[in-house]
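Notes follow once the structure below has been shown.
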Amino acid sequence: MDVQFLGGAGEIGRSAVLIDESLLLDFGMLTDSPPQFPVRTPSPDAVVVSHGHLDHVGTIPALVSGDARPPIHWTPPTYELAMTLARDTLKLHGGTVNCPFTETNVRRVTQVSETHGYRESFEAAGYEVTFYNAGHIPGSAHVLVDDSDTRLLYSGDLHTDDQRLVSGTTARPDADAIICESTYADVDHEPRKTVEERFVESVETTLWEGGTVVVPAFAIGRTQEMLLICEAHDIPCYVDGMGKQVTEMLGQYPEFVRDADALQRAKSHARFVTGRDGQRKRITDQKAAIVTTSGMLSGGPAMTYIPEIRGNPMNKITMTGYQVEGTPGRNLIETGSAEIDGRIMPVSARVEQYDFSAHADRDGLFEFLDSYRDTPVLVNHGDRCEAFATTLREDGYDATAPELGATVAIE
Ligand SMILES: [Zn+2]
């Protein structure tokens, strides 16, 4: 089996792994200005997708241009999320070089889509493929590829701990080689329970003092996790941005979330913002949490809320995830001011950061890989893949970190 890394090697974003020039795993987009795509667009016989984040599905519609119509295999939530993201990319960048596909391509994706549940093996480009719950976001999967000689396990993004939205990964299928993500390979997360307690106490204090809390959150996964936390602790909340439709959609796939009843309760508990009649400005003096995109303050309704609440030190902005360098969210944390719609705005509201990561940390990755002591490990999806491969080698693993564009033979 020859495995080529067309993206996501030594980097995070534009994940793409091509097997024997025939089966493509993921085809993502690296969010940057301008966005970046996998190093080339192959003509695979079939495509298999691990989960519905932009860095894994963002460039998928480009695979169905010209006469090419490869079947695309994914779980139902991954399919829905990929379509949502594709339409969003069209809206943001359609018709420019920053969007490598058209509306026609996106429509074609619906014609070649084939959905599968976890642990239901299917055939793709002559391989037997099986999805296992990866514990990252709803529908996220480890992908096992079997050519009847060699079994390759592609970890996709994974989490070993339970989140409120999804349970951690427990599946450890036999494999002859494993491609493993390493996003937080050099990080020790604070236990989720502790993060949640600190967050809840902070939000409750602000509301009790009469302030408003803006909770910037990614639409996929994070928004729902925050709504589940608000419901569990009876924190009054609004939800705004793309996270609204993702929350509605996930309600249709109870088998892909940890507790469908809890998600239903969280959905009923949250007030969905329509944005009509100046509603956004109106609710910024409510004693409530406003969960909204974007997670790094680089767009979305957060752009309306932050200018409204920033002047009052009684208010609060709680970042809920890692902030990439150069984003307004990162600048806000570091400098106390944010550039919004081209204007630098000083912020008197308090700013806090919480690590609600959906990825395994160092210990989690070791826990996952403990079942693969004798299996060659190819480290990808991280800023320091080589360093993690070295750490693994020092621990007795046969680990390497392939470079972008490299082809690795596995047996
Ligand atoms: Zn992901």
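The values are calculated or read from the model by the stated rules, or taken from the named source; none is laboratory data. In this text, all values refer to a predicted model and were calculated from it rather than measured experimentally. Cβ sites come from the backbone with ideal geometry, for glycine too, and all protein chains shown count toward neighbours. In case anyone asks, the SASA skips ligands and DNA or RNA and just uses the protein heavy atoms, side chains included. Shrake-Rupley method; radii C 1.70, N 1.55, O 1.52, S 1.80 Å.
For a 4.7 Å threshold on C-beta separation, the list of partnerless cysteines in the chain reads CYS99, CYS180, CYS385.
Carbon-plus-sulfur accessible fraction, segment 192-353 (probe radius 1.4 Å, protein heavy atoms only): 46%. Here the dipole of the chain is about 2160 debye; that uses its Cα centre as origin and unit charges on the Cβ of Lys and Arg (positive) and Asp and Glu (negative). Largest GNM mean-square fluctuation across GLY58, GLY168, GLY326, computed for the chain with C-alpha springs under 10 Å, falls on GLY326. Taking a ≥ b ≥ c as the square roots of the Cα gyration tensor eigenvalues, with a/c under 1.5 meaning rounded and otherwise prolate when a/b beats b/c, else oblate, which class fits segment 66-111? The shape class here is oblate. The equivalent ellipsoid that matches the C-alpha gyration tensor of segment 192-353 spans semi-axes of 24, 16, 16 angstrom, in descending order. Taking the longest Cα principal axis of the chain as reference, the axis of helix 260-269 is set at about 30 degrees. Checking the cross-link pairs LYS193/LYS287; LYS193/LYS267; LYS91/LYS316; LYS91/LYS244 against a 28 Å limit on the alpha carbon distance flags LYS91/LYS316 as lying beyond it. Placing unit charges on the Cβ atoms of the charged side chains and taking the dipole of segment 192-353 about its Cα centre, the candidate lying farthest along the positive direction among GLY300, ILE235, ASN331 is GLY300.
Using DSSP to call loops (not H, G, I, E or B), can you name the GluC sites (Glu not before Pro) in segment 199-270 whose Cβ has at most 12 other Cβ atoms within 10 angstrom? Here the GluC sites (Glu not before Pro) that fit, given the DSSP loop and packing criteria, are GLU209.
Of all the options PRO35, PRO77, PRO138, the one that moves most in a Gaussian network model of the chain with Cα springs shorter than 10 angstrom is PRO35. When the chain is treated as a GNM with alpha-carbon contacts under 10 Å, the residue of VAL49, VAL129, VAL187 showing the greatest mean-square fluctuation is VAL187. The accessible-area ordering, largest first, of the residues ARG108, ARG350 stands as ARG350, ARG108, per a 1.4 angstrom probe. Of interest is the spacing of the C-alpha centroids, which for segment 66-141 and segment 367-409 amounts to 27 Å. Rounded to the nearest 20, the size of the Cβ-charge dipole of segment 94-146 about its Cα centre is 240 debye, with Lys and Arg at +1 and Asp and Glu at -1. Of the beta bridges in segment 192-353, as assigned by DSSP with both residues counted there, near 20 percent are antiparallel.
Ranked by the mean number of other Cβ atoms within 10 Å of their residues, highest first, the peptides 111-122, 13-24, 261-272 come out as 13-24, 261-272, 111-122.
Could you tell me how many degrees, from 0 to 90 and to the nearest 10, lie between the Cα long axis of helix 76-93 and the main elongation axis, the longest principal axis, of the Cα atoms of the chain? Between helix and principal axis, roughly 70 degrees.
In the chain, the longest principal axis of the Cα atoms and the axis of helix 385-394 are about 60 degrees apart.
Positive end of the dipole of segment 156-225 (Cβ unit charges, origin at the Cα centre): among LEU158, ILE179, VAL213, the Cα lying farthest that way belongs to VAL213. Charge dipole (Cα centre; +1 on Lys/Arg Cβ, -1 on Asp/Glu Cβ; no other charges) of segment 192-353 amounts to roughly 280 debye. Taking each DSSP H run with n ≥ 4 as -39500 (n - 2.57) and averaging over every residue of the chain yields -8500 deg cm²/dmol at 222 nm.
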